[in-house]
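Below is one structure, written out as structure tokens; comments come after it.
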Amino acid sequence: MPKTVRIGAIIIICLLVVACLAPVLTPVNPLAVNMGEKLQGLSRQHPMGTDQLGRDVLSRVLYGARTSMAASFSVVIICLAVGIAIGCIAGFYGGVIDELLMRLVDIMMAFPPFILPIAITGILGPSLTNIIIALALTSWVGYARMVRSSVLTLKHLDFVAAAKAMGSSRSRIIREHIVPNAVHPLVVYAAFNASHTILAISGLSFIGLGAQPPTPEWGNMLSEACSFMGSSPYLFIFPGLMIMLTVLAFNLLGDGLRDYLDPRLGTEVDL
Amino acid sequence: MKRALTITSILLISILFICISVACKKEVSSSTQSAPQELTIAYGNDTDANSKNGVGDMLLKIFNSDRLVELVGDEVKPSLAESWDLKDNGQTIVFHLRKDVKFSDGTPFTADAVKFTYDRLKKFKLNQWTQIDRIASIEVNGPNTITFHIKPGQEGFIVLTAFAEYQSSIMSPNSTDPKGDPGAPLANLTGTGPWKVADYKKNQYTEFVPNPYYYGKKPTLDKVTVKYIPQAQARVLAIQSGSVDAVVDYYHGGSSYTPRNMLKTLQDQGFQVLKKELPMTVVLACNYKKAPWNNVEVRQGLNYAVNKDDVAALFDGWLTPAKTRMFSDLAPFIVESGEQEYPFNLDQAAKMFKEAGLTGDTKINLMAQGQNPDEVKLCELIKSQLAKTGLNVQLDVLESGLYSDRQKNGDWDLRVYYIGGPERRKYTRIAGRFDPDSAEFGPAGYFTSPELIPSLRKAVGSFNQEEREENFKVFYNKAKDLAGGVPLYYDAVFVVAKQNVKNIEYVSTEPRFDNVFIANK
């Protein structure tokens, strides 16, 4: 297993632990306003300082991990489910169904990646849920294309022919023979997609379309910090570092998994 | 002889040398004196100098135009009109215009220009709420006399004050293309003010130079360039980088301002920060037409629940918390009592909410406009303060369209709003926020009650100053008791400028640059 996979996985696991145990790790309520402690620098009581409303930045960063990770995983899981379903149906059945589904994929891919989420949140209103829906609506197409191309290869292989000969139903062939073999490349893709999703969610929250105040989220924390870049730089440094760390972790994981799983790139490339 | 010639030559050469030196020195000093004095301002709105169906932004109107009258304190003073007669209890106003005034293109200012201006306002439904809806007809009686007939029931002092409105600034009929057509697009907005527009590029900049025909004291600067920079942060960066000399808040107040939390930083960096409080108060408005906000005790409880010192702290103390009265000093006949109207008292608030049946399960939403980060922060603060009284308020940060829809549909409980306005608008705006019969109230009302109306109408309508004063006092007291919403802080117009920009003055609530000079430049 490449080191990159291990490093990426360890960081992600740490972030997940932090996200899950945020209430235990931080004694301070991330929503608790205290104007008397407004914009206080780093201290023992507030290791990452306080924001404009006197809220503890550390608590908000840790709770922000919860929001960002949950949203990112939600998008990836929805995309996996939809992408696998559509990719399998299109690839396995072929013909008109394939044609229709792939044209739908082409249409979805024709939209610039950020315009559709912005338009969707414009219609549905800004919220984290709507951002998850919007990103899932635009991201599933990559999964669907990837699964379809795998299925097109897999369905002509001997083990599928054998399953057919043994009288397995189509749904069973897809479920038990096609999907398990088609998901390997998806794991790599999902890791990269998770990092893109973290960035997209942060970006959309930064412009006010994602998580709504007072919910702590890294993107909206960065947005709130804009006015204080000169006077209180810690307000954007910590959420910024968390975004960078998370994206780096997913990229390391994706890179490592790609090297590990793709025989053409030479497995066991230990960096 | 030879010696005498030599001495004479030396003397002549010396005199010549001295003359040349003096001349050169004079030339140098005169060129130094005549070095153009230019000022560049960053402003968050486009001046709209060449608009298709507008009359220009407030800053533009103050720079290049005048009004028939000016509202100074609580009196209407002559401006382009040197006097006026009120007839039929104010239903007819005859203005006698100055004869010595010219527009910046050299053409004389006449009653036809006044008529042209009001025809344009009527054509494009501008200034409609505050003035146009109140005017029945306009009659030009001669080159320097014009009569306004006011609709029955609409007459009063408030109508006279509306002639001092920004949009009531008089423009030359030559401003449009084709000239003289009030419905045509503005091609070159020509006024009688101290400045004239020399160049304008939409959404980029407006260049002003002194109006050579101005009847008053000529501006000291040679040119003022107003750069349109919509993003607040970009305006701050512009002055920090030295690409502008000053940053000016929107003249109206309330938006397009220098972020309050940047003012201290800018001051520490050596910029001058000038402030003028407006007779405008930012309030927490409640939907008083529906339960539970139709209960005066709930509204009073809301007043007790909000810690206004914390609200002011949000803006680094640059804005004054509205603790002792509804409006700041510039509001008509406002009196500082020194006593807090509703002192911060969480227990009292919680008790009043409980008595009114409000619990943590009561659904209450607080609307905030997403494009205004200060408003969002303020709402977050209010939400947290109300949580301490046991109320569970849901904060809805909305984009402007959705916000407006919900406001129109009455689908809201609480929102941040403002009452009052810039000084020249203070009478019309108070009526517009509180009087349901004013045209403005429908889309922009704040609170009303039958108990407020008699005193309010006399306060803004009477031509007798004493009667106005007496009724304003009654109105303020009743408004306090009825607690239509929560006055939070008095808004202000700020100017941030380099130290070498001298003599920026506020006339009423508007920053003026007429006497500005640049030192050591």
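The values are calculated or read from the model by the stated rules, or taken from the named source; none is laboratory data. Not measured: the values here are computed from a predicted model. Positions of Cβ are backbone-derived with ideal geometry, glycine not excepted, and every protein chain shown enters the neighbour counts.
Does the range B:327-345 include one or more residues that are surrounded by fewer than 18 Cβ atoms within 10 Å (Cβ to Cβ) and of a type in the set (Ser, Thr, Tyr)? Yes. The number of residues in the range B:372-407 being in contact (Cβ under 8 Å) with a residue 24 or more places away in the chain and over 24 Å from A:Met35 (Cβ atoms) comes to 6.
In the range B:238-282, the qualifying residues are those that are part of a loop (DSSP other than H, G, I, E, B) and within 11 Å of chain A (Cβ to nearest Cβ), and the one that is surrounded by the fewest Cβ atoms within 10 Å (Cβ to Cβ) is B:Gln269. Can you pull out the residues in the range B:389-420 that are crowded, with 16+ Cβ neighbours inside 10 Å and basic (Lys, Arg)? B:Arg406, B:Arg415 - these are the residues of the range B:389-420 that are crowded, with 16+ Cβ neighbours inside 10 Å and basic (Lys, Arg). Scanning the range B:184-194 for residues that are in contact (Cβ under 8 Å) with a residue 60 or more places away in the chain and assigned to a loop (DSSP other than H, G, I, E, B) gives B:Pro185, B:Ala187, B:Asn188, B:Leu189, B:Thr190, B:Gly191, B:Thr192, B:Gly193, B:Pro194.
The helices (runs of 4 or more DSSP H) falling completely within the range A:134-253 that include 1 or more residues that are surrounded by 17 or more Cβ atoms within 10 Å (Cβ to Cβ) and in contact with a Gly (Cβ under 9 Å, 6 or more places away or on another chain) map to A:179-206, A:218-225. Within the range B:174-199, work out how many residues are surrounded by 21 or more Cβ atoms within 10 Å (Cβ to Cβ) and not charged (D, E, K, R). Total meeting the criteria: 11. Look at (1) surrounded by fewer than 21 Cβ atoms within 10 Å (Cβ to Cβ); (2) modelled with pLDDT under 95 and you find that B:Ala232 fails only one, number (1).
When A:Gly122, A:Gly91, A:Gly142 are checked against the criterion of being of a type in the set (Gly, Ala, Ser), on the phi < 0 side of the Ramachandran plot and at pLDDT below 90, a single residue qualifies: A:Gly122.
Loosely packed, with under 15 Cβ neighbours inside 10 Å and within 14 Å of chain A (Cβ to nearest Cβ): does that describe B:Asp316? In short, no. Name the residue, out of A:Val24, A:Val33, A:Val17, that is within 14 Å of chain B (Cβ to nearest Cβ) and more than 18 Å from A:Met229 (Cα to Cα). When all the criteria are applied, what remains is A:Val33. For the range A:1-16, filtering for residues that are assigned to a loop (DSSP other than H, G, I, E, B) and under 17 Å from A:Leu62 (Cα atoms) leaves 0.
When residues of the range B:385-395 are filtered for being over 17 Å from B:Asn303 (Cβ atoms) and either within 8 Å of another protein chain (Cβ to nearest Cβ) or part of a loop (DSSP other than H, G, I, E, B) (or both), how many remain? Residues meeting the conditions: 2.
Candidates are the residues of the range B:195-237 that are more than 27 Å from B:Lys102 (Cβ to Cβ), in a loop (DSSP other than H, G, I, E, B) and of a type outside the set (Val, Ile, Thr); the one that is nearest to the other protein chains (Cβ to nearest Cβ) is B:Gln231. Could you grab me the full set of residues in the range B:423-448 that are in a loop (DSSP other than H, G, I, E, B) and within 11 Å of B:Thr130 (Cβ to Cβ)? Correct list: B:Ser438, B:Ala439, B:Glu440.
Considering the conditions (1) without any contact (Cβ under 8 Å) to a residue 12 or more places away in the chain; (2) closer than 27 Å to B:Asn500 by Cβ, B:Val273 is excluded by exactly one of them, (1). For the range B:133-172, the set of residues classified as outside any strand (DSSP E or B), more than 18 Å from the chain's Cα centre (by Cα) and farther than 23 Å from B:Pro332 by Cα consists of B:Asp133, B:Pro143, B:Asn144, B:Lys151, B:Pro152, B:Met171, B:Ser172, listed by residue number. All of A:Ala19, A:Ala32, A:Ala71 fail the test of being in contact (Cβ under 8 Å) with a residue 40 or more places away in the chain and either in a loop (DSSP other than H, G, I, E, B) or buried (at least 20 other Cβ atoms within 10 Å of the Cβ) (or both), apart from A:Ala71. Considering B:Leu68, B:Leu80, B:Leu126, the condition of being at pLDDT below 95 and crowded, with 16+ Cβ neighbours inside 10 Å is satisfied by B:Leu126 alone. Looking at B:Leu456, B:Leu452, B:Leu402, just one residue is within 13 Å of another protein chain (Cβ to nearest Cβ) and on the phi < 0 side of the Ramachandran plot, and that residue is B:Leu402. Candidates in the range B:356-377 are the residues that are modelled with pLDDT of 90 or more and at the interface with chain A (Cβ under 10 Å from one of its Cβ atoms); of these, the one that is surrounded by the fewest Cβ atoms within 10 Å (Cβ to Cβ) is B:Lys377. Checking A:Leu116, A:Leu58, A:Leu135 one by one, the residue that is under 17 Å from A:Leu199 (Cα atoms) and in contact with a Pro (Cβ under 8 Å, 6 or more places away or on another chain) is A:Leu135 and no other.
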